Amino acid sequence: MTQPDQTPLSPKKLQLSKWTAVQPVNKEKHFIVIKVIEPEPPSTTITEIEIQAVHSGRVQTLHWRALNDPAVWRRGWL
């Protein structure tokens, strides 16, 4: 199933965004971005986020651009 073209992701607008894992592991299908990690020094670009599984509460850190991979993530809770 293909999704229509969506607006490009912006790391500054990812806070509290919702995501669905294409291949759920350990019943972790739905995720929410709980933190956009601010870089040191602040003048550099944002690279990482913290994403939390709704089912288990497990938190993982990943590069925000990983969310652009349609083989791994879908925008929203599907």
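The values are calculated or read from the model by the stated rules, or taken from the named source; none is laboratory data. None of the values given here were measured: they were computed from a predicted structure. In this analysis, Cβ positions are derived from the backbone assuming ideal geometry, glycine residues included, and neighbour counts consider all displayed protein chains. What goes into the accessible areas is simple: the full protein's heavy atoms, side chains included, and nothing from ligands, DNA or RNA. Shrake-Rupley method; radii C 1.70, N 1.55, O 1.52, S 1.80 Å.
If you go through the stretch 53-78 and keep only what is in contact (Cβ under 8 Å) with a residue 24 or more places away in the chain, part of a strand (DSSP E or B) and not β-branched (Val, Ile, Thr), you end up with Ala53, Trp73, Arg74, Arg75.
Restricting attention to the stretch 18-27 and to residues that are open to solvent by 90 Å² or more (accessible area, probe 1.4 Å) and touching a residue at least 40 places away in the same chain (Cβ under 8 Å), the residue that is nearest to Gly57 (Cα to Cα) turns out to be Lys18. Among the residues of the stretch 28-49, those identified as in contact (Cβ under 8 Å) with a residue 12 or more places away in the chain and either of a type in the set (Phe, Trp, Tyr) or open to solvent by 50 Å² or more (accessible area, probe 1.4 Å) (or both) are Lys29, His30, Phe31, Ile34, Lys35, Thr45, Thr47, Glu48.
Test Gln15 against the stated conditions and say whether it is part of a strand (DSSP E or B), without any contact (Cβ under 8 Å) to a residue 24 or more places away in the chain, out of contact with any Gly (no Cβ under 8 Å at 6 or more places or on another chain) and open to solvent by 30 Å² or more (accessible area, probe 1.4 Å).
On the way: part of a strand (DSSP E or B): no; without any contact (Cβ under 8 Å) to a residue 24 or more places away in the chain: yes; out of contact with any Gly (no Cβ under 8 Å at 6 or more places or on another chain): yes; open to solvent by 30 Å² or more (accessible area, probe 1.4 Å): yes.
Answer is no for this residue.
Which of the residues belonging to the stretch 18-52 are assigned to a loop (DSSP other than H, G, I, E, B), in contact with a strand residue (DSSP E or B) (Cβ under 9 Å, 6 or more places away or on another chain) and not polar (S, T, N, Q)?
Lys27, Pro39, Ile46
Selection of the stretch 58-75 for residues being surrounded by 12 or more Cβ atoms within 10 Å (Cβ to Cβ) and small (Gly, Ala, Ser) yields only Ala66.
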